[in-house]
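Student: Handing you this structure, nothing more for now.
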């Protein structure tokens, strides 16, 4: 996806959690372990982007978690609020405003949740426990680790 603006873009990051593990991808271009995610395209809202990116990058249909206010009416559609927002530098002249979502797979079983590697974008895809995060190579940024651990903790405590 091309940048929509030369200085700043809007993106989504989706931390999908199942059975106490978070789904991560080893990004081919960036050579980093990251959550699912990417740019919000011109014809979509953040929820649509998050659902699309999750499907494209893992093959999973996910349910975004969070609060949707009861304010939908003619001409208005309430969106699930991201769990967090951040802004992060991509180059010296370009930044991303990240909308960070928690999610869970719509389908899962005791045998796990099957994923599909987007080989053009990623070297690997895997479910990681909180303790696995410190063993990933290349190592993961402290910020991404924090989000992973927070998502695992919060989602694992939900019914």
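Student: Out of everything in segment 48-60 that is surrounded by fewer than 20 Cβ atoms within 10 Å (Cβ to Cβ) and within 16 Å of residue 99 (Cβ to Cβ), what residue ends up being nearest to the chain's Cα centre (by Cα)? Even if it seems obvious, please write down each step before you answer.
Tutor: Residues of segment 48-60 that are surrounded by fewer than 20 Cβ atoms within 10 Å (Cβ to Cβ), as a first pass: 48, 52, 55-56, 59.
With within 16 Å of residue 99 (Cβ to Cβ) added as a condition, the list becomes 48, 52.
Numbers: 48: 12, 52: 11 Å.
Residue satisfying both the conditions and the ranking: 52.
Student: Sticking with this structure for a sec: Find the residue count for segment 128-141, including only residues that are at pLDDT below 95 and under 16 Å from the mean Cα position of the chain (by Cα).
Tutor: 2
Student: For segment 61-89, give me each residue that is surrounded by 13 or more Cβ atoms within 10 Å (Cβ to Cβ), part of a strand (DSSP E or B) and without any contact (Cβ under 8 Å) to a residue 40 or more places away in the chain.
Tutor: Selection gives nothing.
Student: Limited to segment 121-146, what total is found for residues that are in a helix (DSSP H, G or I) and in contact with a strand residue (DSSP E or B) (Cβ under 6 Å, 6 or more places away or on another chain)?
Tutor: Here is the first cut: in segment 121-146, the residues in a helix (DSSP H, G or I) are 132-135, 142-146.
Filter once more, keeping what is in contact with a strand residue (DSSP E or B) (Cβ under 6 Å, 6 or more places away or on another chain): none.
Number of matching residues: 0.
Student: So which of 6, 44 ends up being part of a loop (DSSP other than H, G, I, E, B) and in contact with a strand residue (DSSP E or B) (Cβ under 8 Å, 6 or more places away or on another chain)?
Tutor: Values: 44 fails: in contact with a strand residue (DSSP E or B) (Cβ under 8 Å, 6 or more places away or on another chain).
Unique residue meeting the criteria: 6.
Student: Also: In segment 134-144, how many are under 18 Å from residue 86 (Cβ atoms) and buried (at least 17 other Cβ atoms within 10 Å of the Cβ)?
Tutor: Step one: filter segment 134-144 for residues under 18 Å from residue 86 (Cβ atoms), giving 140-144.
Those still in the list that are buried (at least 17 other Cβ atoms within 10 Å of the Cβ) too: 140, 144.
The number of residues fulfilling the criteria is 2.
Student: Identify, please: which residue in segment 101-120 is over 13 Å from residue 54 (Cβ atoms) and either in contact with a helix residue (DSSP H, G or I) (Cβ under 6 Å, 6 or more places away or on another chain) or not in a loop (DSSP other than H, G, I, E, B) (or both) and is, among those, modelled with the lowest pLDDT?
Tutor: Step one: list which residues in segment 101-120 are over 13 Å from residue 54 (Cβ atoms), which gives 108-112, 114, 117, 119-120.
This time we only want the ones that are either in contact with a helix residue (DSSP H, G or I) (Cβ under 6 Å, 6 or more places away or on another chain) or not in a loop (DSSP other than H, G, I, E, B) (or both), so: 109, 112.
Values: 109: 48, 112: 63.
Taking the candidates together, the pick is 109.
The values are calculated or read from the model by the stated rules, or taken from the named source; none is laboratory data. This structure is a prediction, so every number in the text was calculated from the model and none was measured. A quick note on method: Cβ atoms are made from the backbone with ideal geometry, for glycine too, and the neighbour counts reach across all protein chains shown.
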